[in-house]
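Shown next, in structure tokens, is the structure this report addresses.
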Amino acid sequence: PPQYAAQVAAGLSNSQHLVLPGYGHDVLTTGCIPTVVTNFITAGTITGLDISCTDEIKPPPFLSARQGRSRRLK
């Protein structure tokens, strides 16, 4: 849950906790996140890290189990 990640982040001096509504743990390939991660690694700090692009990431569409299965079969 996001509150646990926030607790961990509070104990790290160089951390940024991002929550994308509608997403789970695996967001590394979502929207602008690859660029945000690359910029963080390159800079080595969250100071000046621009995360404003995450405001534009929309929640994924809701899929029922049946819809998800039919999409995987295509």
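The values are calculated or read from the model by the stated rules, or taken from the named source; none is laboratory data. Not measured: the values here are computed from a predicted model. We place every Cβ from the backbone using ideal geometry, glycine too, and count neighbours over all the protein chains shown.
Number of residues in segment 31-41 that are in contact (Cβ under 8 Å) with a residue 12 or more places away in the chain and surrounded by fewer than 14 Cβ atoms within 10 Å (Cβ to Cβ) equals 1.
Out of the residues in segment 1-20 that are part of a loop (DSSP other than H, G, I, E, B) and under 15 Å from the mean Cα position of the chain (by Cα), state the one that is surrounded by the fewest Cβ atoms within 10 Å (Cβ to Cβ).
Taking segment 1-20 first, the residues part of a loop (DSSP other than H, G, I, E, B) are 1, 11-20.
Cutting the leftovers down to under 15 Å from the mean Cα position of the chain (by Cα) gives us 1, 15-20.
On the way: 1: 7, 15: 13, 16: 12, 17: 13, 18: 14, 19: 13, 20: 15.
So the residue we want is 1.
Given 63, 49, which one is surrounded by 11 or more Cβ atoms within 10 Å (Cβ to Cβ), in a loop (DSSP other than H, G, I, E, B) and modelled with pLDDT of 95 or more? Testing whether each residue is surrounded by 11 or more Cβ atoms within 10 Å (Cβ to Cβ), in a loop (DSSP other than H, G, I, E, B) and modelled with pLDDT of 95 or more leaves just 49.
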